[in-house]
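Let me begin by presenting the structure, written as structure tokens, before commenting on it.
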Amino acid sequence: MKKIRLPLDGQISEYCLNQEGSWPISSTPRPRSRMVYAAAHVVIDPLRPDVLDMEATMAFRRHLWSLGFGVAEAMDTAQRGMGLSWTAARDLVRVSAGERQGEVACGANTDQLDPTVVATLDEVTRAYEEQCEIIEGAGGRVILMASRALARCAKGPDDYVRIYRRILANLDRPAILHWLGEAFDPQLKGYWGSSNVDEAMQTCLAVIHESTAKIDGIKISLLDKQQEIKMRRLLPAGVRMYTGDDFDYAELIRGDEHGYSNALLGIFDGIAPAAAVAFKALDEGDFESYENILAPTVPLSRHIFQAPTYFYKTGLVFLAYLNGFQRHFRMLGGQESARSIGHLAKLFVLADQARLLRDPELAIHRMRPVLELAGLGA
């Protein structure tokens with residue numbers, strides 16, 4: 001029985017790893033019953049911590065594609081807005097969309113604008129258009145990310161409607177809208193022109209109903225399943241709801257008698273092997289197996305995405321490091337230090353309980369130097 005001493009609940013405890021074995025990692029067809037994207041993290045060059053290790057970054061995307069997932073590229077999971085510049089994101093989009101071993105949808109934002117200066121609406125529009133043109137030119141689908149610059153300069157709901165109308169009208173392919181909540185990015189408070197979720201939703205729905213033919217779907221990341229269900233039932237026919245709820249995704253993807261959510265989730269970066277098996281069960285109508293497979297992943301996800309939620313990327317990169325997908329646990333902007341050693345130890349346990357440590361001996365080997373660095377070596 002494999003064991004490791006971990007700081008759990010404020011004290012050092014011996015933890016015995018489970019004996020079930022990890023989920024298989026083998027080529028899997030794309031799910032038939034849902035459209036599914038995994039928002040993917042990036043790997044940096046440890047010798048040049050502001051530069052991406054493009055080969056390691058792309059190797060992880062090939063892993064996701066092989067399991068049947070589309071890749072949501074250059075999103076907040078890739079530290080967009082928290083270390084990944086537009087210049088680096090642009091290069092990543094071109095490489096990822098150019099390789100395209102599966103579906104690729106890419107984040108278009110306005111982050112080439114100077115964040116210290118309040119932009120005009122025209123500048124925001126041109127910034128969006130520049131990024132959309134590059135994404136579509138590379139062969140990717142556009143995900144219209146929520147813009148901090150727009151949140152700062154918009155005077156009310158009408159400004160959002162005008163900006164989105166213009167951007168969507170000029171796209172070649174239907175886009176995915178992205179409503180990112182304040183928990184993920186405090187600078188987006190009041191997006192869609194109101195801090196009241198119901199009022200903001202009405203503005204967002206107005207954009208969708210006006211430009212339905214130009215919209216594939218909308219991803220909402222509010223961590224409020226009731227609001228997602230409410231909006232899902234108000235969408236026009238043909239427009240998908242993509243859940244961004246990393247707390248209640250299993251329930252939302254299964255759906256109810258009125259419909260279901262598709263998925264565009266950061267947690268699928270970390271739980272892809274389990275989720276691939278779960279989607280196979282869902283495709284076959286085996287709801288019991290689907291729920292049993294995903295149920296142990298939910299505590300892990302809620303732990304990774306606990307407040308402050310925007311530090312969730314640290315957990316995903318740490319899990320990739322434990323599982324041997326990258327050689328180190330370093331991140332853009334030193335974000336590897338954003339979570340405590342106790343948080344990382346609990347993540348180790350929850351990942352093991354969800355059968356998401358693909359090689360337990362490797363995971364233990366990689367956990368030990370992290371413990372030693374925190375002064376907790378044997």
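Overview of results
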item	result
Equivalent ellipsoid semi-axes, region 74-161, via Cα gyration tensor eigenvalues times 5, rooted, Å	24, 13, 11
Long-range amide H partners of residue 13 with built H, under 5 Å	6, 8
Per-residue Cβ neighbour rank within 10 angstrom, fewest leading, 287, 325, 305	287, 325, 305
Extension gain, residue 224 back to residue 327 (0.36 nm per residue minus Cα-Cα distance, nm)	33.5 nm
Value at 222 nm in deg cm²/dmol, rounded to 500, when DSSP H runs of n ≥ 4 in the chain each add -39,500 (n - 2.57)	-13000 deg cm²/dmol
Of all DSSP beta bridges in region 31-306, antiparallel share, percent nearest 5	10
Sequence-distant residues sharing a close amide H with residue 240 (under 5 Å, placed H)	217, 218
Rounded tilt (10° steps) of 197-210 against the dominant C-alpha axis of the chain	60
Trypsin sites (Lys or Arg not before Pro), loop per DSSP, at most 12 other Cβ atoms within 10 Å - longest free stretch of the chain	33-154
Cα long-axis angle, helix 121-138 against the chain (0 to 90 degrees, to the nearest 10)	60
Chain lengthening between residue 20 and residue 362 when straightened (0.36 nm per residue, less Cα-Cα)	121.5 nm
Number of Lys pairs (Cα under 21 Å; 8 or more positions apart or on different chains) in the chain	10
Relative intensity, log₁₀ I(q)/I(0), of region 10-168 from a Debye sum that treats every alpha carbon as a point, q = 0.18 Å⁻¹	-1.08
Mean projected area (nm²) of the alpha-carbon convex hull when region 1-78 is viewed from all directions	8.7
Packing-based exposure ordering (other Cβ within 10 Å, fewest first) of 303, 41, 178	303, 178, 41
Fully extended contour minus Cα-Cα distance, from residue 3 to residue 372, at 0.36 nm per residue	131.2 nm
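Each value in this text was obtained by applying a stated rule to the coordinates, not by laboratory testing. These numbers were taken from a predicted model, which means no experiment stands behind them. Note that we place each Cβ from the backbone using ideal geometry, even for glycine, and neighbour counts take in every protein chain shown.
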